[in-house]
Amino acid sequence: MLAALRKKLPSRNTALFWGSVFGVVGFYKYNSKESQKRLEHYCKQAETVANEPIGALDTPRKVHVYIATPMGELGTRKARLHWEKYILPVFVAGALDYELTLVNDTETINDVEKAVRGGVHSRVAEEIKEQRRKALELEEGNEELKLWRQAIVERKKDNEARDTLNRIGRAPGEVNVSSWKPEPYPGVMDVVAVGRETWVEVINGLSEGATGSLNYSVPPLVPLDSE
């Protein structure tokens, strides 16, 4: 009887193969189920924020989300998928307004395209410095800082218009170029960094913005292709 039963049992290699297949499939199913349970748990916690009443003149809370190129990648696709799958549902459940910044700076060296680090760092540092400059202007009424700010704003507008004209290939005066931008958030936005590299750059940017110099530097004028 044992001999007949042994003939019906699969071989050692067959058992190892199907055991490995069922183990991997079971782990994947378990991971997906647990991930969904955790996501639902955090969404329920975020709903308490959405149900909090706010005054008619109060500014709704807003979060600034930074997504940079992960290590070893040339795009933000994987980080964006992580954001859309695990983080965005919590924001939706909590009715949180957010501003999404994608940083995908690259450079080509010897015909090889590589990702450039530091984009999130510089953006975060500049935002903190701008808040410090505005506070300094209000405290001291510094007219020189205001003049520097106006000069830089005008130069940035000119450069944006020149970049657009270079892309569409028309001379100045032939087309009216205007770019719409939302009004700046009046309060202080919380920061969410997606990815380890992004988190490191955000921390370094906060440190530099809080302790760095507040001196202005006017960017150079972008040359037109027709010049």
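The values are calculated or read from the model by the stated rules, or taken from the named source; none is laboratory data. Just so it is clear, the model here is predicted, and its values are computed rather than measured. Only protein heavy atoms, including side chains, enter the accessible area calculation; ligands, DNA and RNA are left aside. Shrake-Rupley method; radii C 1.70, N 1.55, O 1.52, S 1.80 Å.
Side notes on the structure shown:
- Stretching the chain fully between Lys156 and Val92 yields a gain of 19.6 nm (0.36 nm per residue, less the alpha carbon separation).
- Whole-percent carbon and sulfur share, accessible surface of segment 24-110, 1.4 Å: 54 percent
- Bridgeable lysines around Lys85 (alpha carbons under 21 Å apart, same-chain partners fewer than 8 residues away excluded): Lys29, Lys33, Lys37, Lys44, Lys62.
- Segment 25-117: relative contact order as a whole-number percent, Cα under 8 Å and 6+ apart: 32 percent
- Based on protein heavy atoms only, segment 53-134 ends up with 62 Å² per residue of surface accessible to a 1.4 Å probe.
- The alpha-carbon of Lys129 sits under 18 angstrom from the alpha-carbons of these lysines, leaving out residues fewer than 8 places away in its chain: Lys146, Lys156.
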